[in-house]
Amino acid sequence: MLTAEIVAIGDELTSGQRLDTNSQWISQRLADLGIRVLLHTTVADDLETGIQVLRQAIQRVDLIICTGGLGPTADDLTRETIARATDRPLQQDDEALAHIENLFRTRKRKMPQRNTIQAMFPAGSLVVPNPHGSAPGIDLTIHPDNRDPTRIFALPGVPAEMVEMWNATVQPRILVQIGDQRTLTVHHQVKCFGVGESDLEQMLPDLIARGRQPSVGITVSKATITLRISATGSTEAACRTLMQGTIDTIHDCLGDLVFAEGELELQHVVHDLLNETGLTLATIECGNSGLLTNWLSESRLDPSSYQQGLVIGQPSRFEPLWKDPNLGSLTSQPAEQLVQAVAQHALGQLATDIVLVLGPEPTDQSWTHGDDRIHYALALGDQVSSKSSPYSGHPAILRARSAKQALNHLRLTLLALSSEATD
């Protein structure tokens, strides 16, 4: 398998003023070609540093993709960096210069003399045409003494030009280079929720081992754990066959902790289960930035399934939804009884089959009867079920995790109903 390094060049990247989305896009395209990206390197507009980076890259990978630094100004140093890193003089390409001159002519602009630098290429280079820009790309193959050849492509940093040049020229040239030895790398995602990352890993014996084929990686985003299965083979079908045993093992080991595969999120799974069971839903959440309402409204839920979402700023606003002379004042209720009572009484007031209630947050200073846990309740028919979870961890994920815990409780309830219906 060929290996690659992506080198993104520009002060705007190293200073943090601009996000490097080019490297992400190129990595995805290289993976489609079965090429493993070993490094992403970001380097400022500094000649000596750039030379050092390229010389190191030539010694460790088969393919280097550079973006940025091909403009006409004094801080555009990529062509000179490649020339000096490879000990090649810069030479003018007359066809490239004619293209640049014609570009200015068709735009009815006089070409500055400085733009002629964009027609200079390290000796031995092939030109990568840039149909709609003045910065042609560079294609240069180097033959180090101690390893196989390394091929360097340099493309503009402008994403639209870079993408066009990749699709029209760079990818076809790489495919020719690979020839019959091309392999594919196929990825598959399994989404999980309900335990911590380390606990989940312990439930998957040997699947996360390095060097395993197919490989399994773990990423966590706002309490959702994603298992990334990657397989390499000659065809997509071969890759899918290779990873299927691993996918089956994950399902066998994790059971209902797995909620989806691919790009689906919890709210999408809830939508499908509501359709399957024919039930309708309303949600009520206290604080929490209205995440439940937002996610469910933006998912594939249609109005016939998701009746409404109510977002209440303070616990005292629950009062109209649950007032009952037999229960006493709202402020006298612990959080667990509060969400249960609200769910039960709201079910009688709202035209829906299910009411899911989340909140209030333990950190809400207006709530004097909270604890250190977040409580959520679900009313369905004459049954009310409630759960609670510790409200601890990094503040950035507390609300997202709480909303997902409530959604997951709903998912598991709907799964049980769906299973009963099919028995």
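Key figures for this structure:
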| read-out | value |
| --- | --- |
| Residue 347 modelled with pLDDT of 90 or more and either in a helix (DSSP H, G or I) or farther than 17 Å from residue 274 by Cβ (or both) | no |
| Qualifying residues in region 1-26 (those that are under 13 Å from residue 45 (Cβ atoms) and touching a Lys or Arg at 6+ places or on another chain (Cβ under 8 Å)) - the one surrounded by the fewest Cβ atoms within 10 Å (Cβ to Cβ) | 12 |
| Number of the condition not met by residue 191 [criteria: (1) in a helix (DSSP H, G or I); (2) charged (D, E, K, R); (3) surrounded by 19 or more Cβ atoms within 10 Å (Cβ to Cβ)] | (1) |
| Entirely in region 39-153, the strands (runs of 3 or more DSSP E) that have 2 or more residues that are under 36 Å from the mean Cα position of the chain (by Cα) | 63-67, 126-128, 137-142 |
| Near pairs, Cβ below 9 angstrom, 6+ apart or cross-chain, from region 372-386 (under 11 Å from residue 357 (Cα atoms)) to any residue that is β-branched (Val, Ile, Thr) and open to solvent by 30 Å² or more (accessible area, probe 1.4 Å) | 377/384; 378/384; 378/413; 385/413 |
| Region 220-257: number of residues that are closer than 26 Å to residue 416 by Cβ and not in a loop (DSSP other than H, G, I, E, B) | 15 |
| Selected residue (criterion: nearest to residue 272 (Cα to Cα)) from residues of region 373-423 that are at pLDDT below 90 and of a type in the set (D, E, K, R) | 420 |
| Top-ranked residue in region 27-41 [being without any contact (Cβ under 8 Å) to a residue 60 or more places away in the chain and open to solvent by 70 Å² or more (accessible area, probe 1.4 Å); ranked as nearest to residue 163 (Cα to Cα)] | 28 |
| Region 77-93 residues that are over 16 Å from residue 44 (Cβ atoms), paired with ones that are acidic (Asp, Glu) and open to solvent by 20 Å² or more (accessible area, probe 1.4 Å) (beta carbon under 8 Å, 6 or more apart) | 90/80 |
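Okay, residues lined up against (1) at pLDDT 90 or above; (2) among the aromatic types (Phe, Trp, Tyr); (3) exposed (fewer than 14 other Cβ atoms within 10 Å of the Cβ); (4) touching a strand residue (DSSP E or B) at 6+ places or on another chain (Cβ under 8 Å):
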residue	(1), (2), (3), (4)
200	yes, no, no, yes
208	no, no, no, yes
212	no, no, yes, no
218	yes, no, no, yes
225	yes, no, no, yes
240	yes, no, no, yes
246	yes, no, no, yes
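The values are calculated or read from the model by the stated rules, or taken from the named source; none is laboratory data. This one's a predicted model, so the numbers in the text were calculated from it and none came from an experiment. Glycine also receives a Cβ, built like all others from the backbone with ideal geometry; neighbour counts cover every protein chain displayed. For accessibility, only protein heavy atoms count, side chains too; no ligands or nucleic acids. Shrake-Rupley method; radii C 1.70, N 1.55, O 1.52, S 1.80 Å.
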